[in-house]
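Below: one structure, written as structure tokens.
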Amino acid sequence: MGTLNHFSFGWLTPILAYLMACVGAALGLRCTLRALAATGASRRNWLLTAAAALGSGIWTMHFIAMFGFSVSGTELRYDVPITVLSLLVAVLVTGAGVFVVAYGRHRSRSLALGGLTTGLGVAAMHYLGMAAVRIHGAIAYDPATVGLSVLIGVGAATTALWAAVTIRNVYAAGAASLVMGIAVTCMHYTGMAAVHVRMHPVRTDLGGATPMQFVFPLAVGLGSFLFLTSAFVALSPTARERAAYREAGELTVEDVGTSELDHAA
């Protein structure tokens with residue numbers, strides 16, 4: 001049996017992973033809130049942005065946490081196609097969840113279905129990411145702990161979607177994203193607690209990419225995407241602000257017209 005270490009860099013990786021989960025959740029909640037206040041193509045675009053933010057935030061959280069994962073007696077590498085697939089699954093299934101909630105006619109049913117879909121997507125992303133791990137050994141899981149991690153993922157996703165359609169206060173939404181970050185991070189480490197490794201006596205070429213060769217650049221790229229998205233969301237006017245701008249513009253036109261009539265008189 002190989003000795004596992006989930007905190008090779010101490011508390012640095014768990015804290016950074018948690019922060020990325022919070023950023024992704026906050027952006028996803030904010031974009032979903034904007035989507036619910038919009039219609040047509042604007043609603044669809046906000047939901048796509050929400051899916052990208054949630055999915056990439058959760059994926060980045062997972063692989064930042066994985067930087068702290070090591071197994072004694074073996075190096076660790078990642079299968080590149082499976083790693084990319086895990087990112088796509090995170091974004092696509094999270095997107096399915098937010099679209100179900102945004103367009104569903106029955107709120108409670110939509111929340112349940114969206115939360116289940118998104119939660120299973122988060123779990124699928126996690127275990128696909130683990131399937132990409134290459135070591136000189138075999139990775140096995142404790143079924144009960146895996147089941148618990150999936151339940152945590154579904155509960156976290158349902159809570160986040162409920163917050164997205166219920167909470168209208170910015171501060172409450174921020175608090176909800178902190179809770180969501182805790183839940184997603186707990187899901188990750190619960191899933192990692194299910195891992196058992198049996199080492200192989202024969203050493204062969206692992207193949208794949210080291211974390212620094214592939215995962216780190218991709219995580220940095222997604223982190224930059226989340227930063228730019230947060231700037232875009234922060235600077236983009238809300239529906240209420242756009243209505244206020246339109247009203248101000250209409251009043252300005254009316255005022256100008258009145259002024260011209262008075263001058264002509």
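Observations on the structure shown:
- Test: M125 is in a helix (DSSP H, G or I) and in contact with a Leu (Cβ under 9 Å, 6 or more places away or on another chain): yes
- Residue within the range 134-148 that is in a helix (DSSP H, G or I), out of contact with any Asp or Glu (no Cβ under 8 Å at 6 or more places or on another chain) and crowded, with 19+ Cβ neighbours inside 10 Å present: no
- Residue in the range 171-191 that is touching a strand residue (DSSP E or B) at 6+ places or on another chain (Cβ under 6 Å) and open to solvent by less than 30 Å² (accessible area, probe 1.4 Å) present: no
- Pair list, Cβ < 7 Å and 6+ apart or interchain, from the range 92-116 residues that are closer than 21 Å to G24 by Cα to residues that are among the charged types (D, E, K, R) and part of a helix (DSSP H, G or I): A102/R43
- Positions within the range 132-178 being modelled with pLDDT of 90 or more and of a type in the set (G, A, S), in sequence order: A132, A140, A144, G147, S149
- Positions within the range 36-55 being open to solvent by less than 20 Å² (accessible area, probe 1.4 Å) and more than 17 Å from the chain's Cα centre (by Cα), in sequence order: A38
- Condition check for W59: open to solvent by less than 30 Å² (accessible area, probe 1.4 Å), in a helix (DSSP H, G or I) and closer than 30 Å to M199 by Cβ: yes
- In the range 39-74, the residues that are more than 16 Å from A21 (Cβ to Cβ), in contact with a helix residue (DSSP H, G or I) (Cβ under 6 Å, 6 or more places away or on another chain) and touching a residue at least 40 places away in the same chain (Cβ under 8 Å): R43, L47, T49
The values are calculated or read from the model by the stated rules, or taken from the named source; none is laboratory data. Just so it is clear, the structure is predicted and the values come from calculations on it, not from any experiment. Methodologically, a virtual Cβ is constructed for each residue, glycine included, from the backbone with ideal geometry; neighbour enumeration extends over all protein chains shown. We work out accessible area using only protein heavy atoms, side chains counted, and drop any ligands, DNA or RNA first. Shrake-Rupley method; radii C 1.70, N 1.55, O 1.52, S 1.80 Å.
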